[in-house]
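What follows is a set of notes on a single structure, which appears directly below.
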């Protein structure tokens, strides 16, 4: 049961991609053709250390003292998340968008997996230690939630060469979807463990199936705006929208519960014992007053909006500052803020530092390196260098970007 709950738990010729911790990059000239690829792997918890998470999910002995150490670090509500994906885009050199002089057709392909949620401190404590440590106490389980979506997309649209702005319409195929919400939840037991009371109001939905069963549409786009700043001239601002779309899941299984139950002569292990048996055949649905339904449903993708101040690789300034904010408006997600400084190192090589707060976790810092020439841009970075190398960190993150001018 503890594992189940823990799981719940181009220089001078192109623009960069701004949805990773690598800073967005712009130039004043547009290439007539482009190919770019970017990938990101980001997993993070607000309260569980890397060393503990490794033992929990990959196996290993976990002592009670280790659990208590992790539990002491927990807040009343603890965020966690995972976001990884790979995206490819192609702008053909000679394919004008309806004969437009400055606009080309654009094609993109990608896979994305997104997980975001939070869990109550009491839920972690009960899952890892059982109810023995909570006799005679009331434990809050409220506000725990989960969102999980895996999907692939194939899109077509236009790319404006002078500015690097683009817009694509994508066909989406979802391979997995799950959501859960427990706005009200509490557990209480007698001091002698002779009784327990469980109150819960919430729902769970999930859907998954074979390729080709769940389809939808989405929009991806990026737009530039030059903001007047008086004596500093005009500052370029990028706005990027990703995965603004919807997908139809033909067989969505949903469970709803709204109940307050009290049991005498029963302990928590009895309640949780359904993990080793057929859940429905054990009549737990009737006992816990759980309603089950299966139907088709429309689900929103985890759309993101990011606004950032990018870098100019053509700038003669040896130091540049960049910053931005990313939000997921349709899910519960703390906006992610980042600010960084970029240094021109040597002949096309750039390096920088970035500080990040929000998103799936708290404060972290990272670094990146870039190389740019007339035809090629490469970047590799992380927004959490400590978590990448240390078991005392709270996640791992790595991303890359490759852009070729054609």
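The values are calculated or read from the model by the stated rules, or taken from the named source; none is laboratory data. Remember, it's a predicted structure, so these values are computed and weren't measured experimentally. Positions of Cβ are backbone-derived with ideal geometry, glycine not excepted, and every protein chain shown enters the neighbour counts.
Key figures for this structure:
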| read-out | value |
| --- | --- |
| Subset tally (residues that are at pLDDT below 90 and closer than 25 Å to residue 246 by Cβ) for the stretch 176-195 | 0 |
| Subset of the stretch 393-406 [assigned to a loop (DSSP other than H, G, I, E, B) and either surrounded by 22 or more Cβ atoms within 10 Å (Cβ to Cβ) or touching a helix residue (DSSP H, G or I) at 6+ places or on another chain (Cβ under 7 Å) (or both)] | 393, 394 |
| Leading residue by the ranking (surrounded by the fewest Cβ atoms within 10 Å (Cβ to Cβ)) among those in the stretch 103-113 that are under 25 Å from residue 159 (Cβ atoms) and under 15 Å from the mean Cα position of the chain (by Cα) | 111 |
| Selection count where residues are over 30 Å from residue 114 (Cβ atoms) and surrounded by fewer than 16 Cβ atoms within 10 Å (Cβ to Cβ), scope the stretch 194-215 | 3 |
| The listed residue being at pLDDT 80 or above, under 30 Å from residue 130 (Cα atoms) and surrounded by 16 or more Cβ atoms within 10 Å (Cβ to Cβ), out of 328, 333, 377, 368 | 333 |
| Selection status of residue 218, farther than 30 Å from residue 200 by Cα, surrounded by 12 or more Cβ atoms within 10 Å (Cβ to Cβ), under 24 Å from the mean Cα position of the chain (by Cα) and modelled with pLDDT of 80 or more | yes |
| Among the residues listed as 357, 323, 377, 371, the single one being under 30 Å from residue 55 (Cβ atoms), in contact with a strand residue (DSSP E or B) (Cβ under 8 Å, 6 or more places away or on another chain) and not in a loop (DSSP other than H, G, I, E, B) | 357 |
| The stretch 124-146, residues that are over 30 Å from residue 242 (Cβ atoms), crowded, with 18+ Cβ neighbours inside 10 Å and touching a helix residue (DSSP H, G or I) at 6+ places or on another chain (Cβ under 6 Å) | 125, 127, 128, 131, 139, 141 |
| Residue within the stretch 123-142 that is assigned to a strand (DSSP E or B), within 26 Å of residue 331 (Cα to Cα) and under 25 Å from the mean Cα position of the chain (by Cα) present | no |
| Filter result for residue 117 (at pLDDT below 95 and over 30 Å from residue 173 (Cβ atoms)) | no |
| Any hit, the stretch 74-87, residues being under 23 Å from residue 383 (Cα atoms), assigned to a strand (DSSP E or B) and in contact with a helix residue (DSSP H, G or I) (Cβ under 7 Å, 6 or more places away or on another chain) | yes |
| Residues being surrounded by fewer than 21 Cβ atoms within 10 Å (Cβ to Cβ) and assigned to a strand (DSSP E or B) - total across the stretch 88-102 | 3 |
| For residue 362: the one exception among (1) touching a strand residue (DSSP E or B) at 6+ places or on another chain (Cβ under 7 Å); (2) in a strand (DSSP E or B) | (1) |
| The stretch 308-325, subset within 30 Å of residue 77 (Cβ to Cβ) and surrounded by 17 or more Cβ atoms within 10 Å (Cβ to Cβ), residue nearest to the chain's Cα centre (by Cα) | 324 |
| Residue in the stretch 25-32 that is part of a helix (DSSP H, G or I), surrounded by fewer than 17 Cβ atoms within 10 Å (Cβ to Cβ) and either modelled with pLDDT of 95 or more or out of contact with any strand residue (DSSP E or B) (no Cβ under 9 Å at 6 or more places or on another chain) (or both) present | no |
